[in-house]
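Structure, as structure tokens:
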Amino acid sequence: MKIIRILLVFSSSFLSCDRVENTSVVPLNESSAANGVLKTSGVFTDGDGEKASGKASIITSGMSHQLVFENLMVNNGPNLHVYLSQESNPKNFVDLGELKSIKGNQVYDIPYNVNAPSYKYALVYCKRFSHLFGIATLK
């Protein structure tokens, strides 16, 4: 019986991101600063076996930068985070926090000390299982 419990605990740690959904499904309608200037943007494409669509943009207003998602649609999963990354497979990245919702328009503040133009990818990434849900190449 003890072996069965150990096997159950061990196997549950290997569940894939697409089997456990815990990100909000309520569509958001956030907007960036009204006087912001578009610096880069790109269209979301699918991740590793996951569906994603919408647009990602970096908007600058004065000295602040924001990552803005428009019409985002992405598969649900656990522990989904928003990354700005220098590579498509995140090694040098900034974690902007948990994904607010799998749908809609969303705004994420980029820390002041981050050189936003040096990050060429916006990712929706399952932090717990290192699994890519969606990627936008920022140009």
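Restricting to DSSP loop positions (anything but H, G, I, E, B) with no more than 14 other Cβ atoms inside 10 Å of their own Cβ, which GluC sites (Glu not before Pro) remain in segment 58-130? Spell out each step's value before the answer.
Values: sites: E70, E87, E98; in loops: E87.
Filter output for segment 58-130: E87.
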| Calculated on alpha-carbon atoms, Rg and Dmax of the chain in Å | 16.4, 64
| Full extension from S118 to V43: what is 0.36 nm times the residue separation minus their Cα-Cα distance, to one decimal in nm? | 25.2 nm
| message | Tell me the net charge near F93. Cut-off is 12 Å between Cβ atoms, F93 excluded, with +1 for each Lys or Arg and -1 for each Asp or Glu. | response | +1
| Counting Lys and Arg as +1 and Asp and Glu as -1, what is the net charge of the other residues whose Cβ lies under 12 Å from the Cβ of L38? | +2
| field | Under 12 Å from the N35 label point (7 Å along Cα→beta-carbon), backbone N, segment 96-139 | value | none
| query | What fraction of the DSSP beta bridges in segment 17-137 is antiparallel, stated in percent and rounded to the nearest 5? | reply | 95 percent
| So which trypsin sites (Lys or Arg not before Pro) in segment 17-109 end up in coil per DSSP with only 14 or fewer other C-beta atoms within 10 Å? | K51, K91
| remark: Once S53 and N22 are pulled to full extension, the length gained, defined as 0.36 nm per residue separation minus their Cα-Cα distance, is 9.2 nm
| request: Please list the non-local residues whose amide H lies under 5 Å from the amide H of A52, H modeled 1.01 Å from N, same-chain partners needing a gap of 5 or more. | output: D46, G47
| said: Quick check for you: which residues of segment 105-139 have the amide N under 11 Å from the point 7 Å beyond the Cα of Q86 toward its beta carbon? | reply: 115, 118-120
| said: Straight-line reach only, C-alpha to C-alpha below 29 angstrom: list the lysines that K55 could link to, leaving out same-chain residues fewer than 8 apart. | reply: K39, K91, K100, K103, K120, K127, K139
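Each reported figure results from applying straightforward, stated rules to the coordinates on display, with no laboratory input. All values reported here derive from a predicted model rather than from experimental measurement. Don't worry about glycine lacking a Cβ; one is built from the backbone with ideal geometry, like all the others, and counts go over all protein chains shown.
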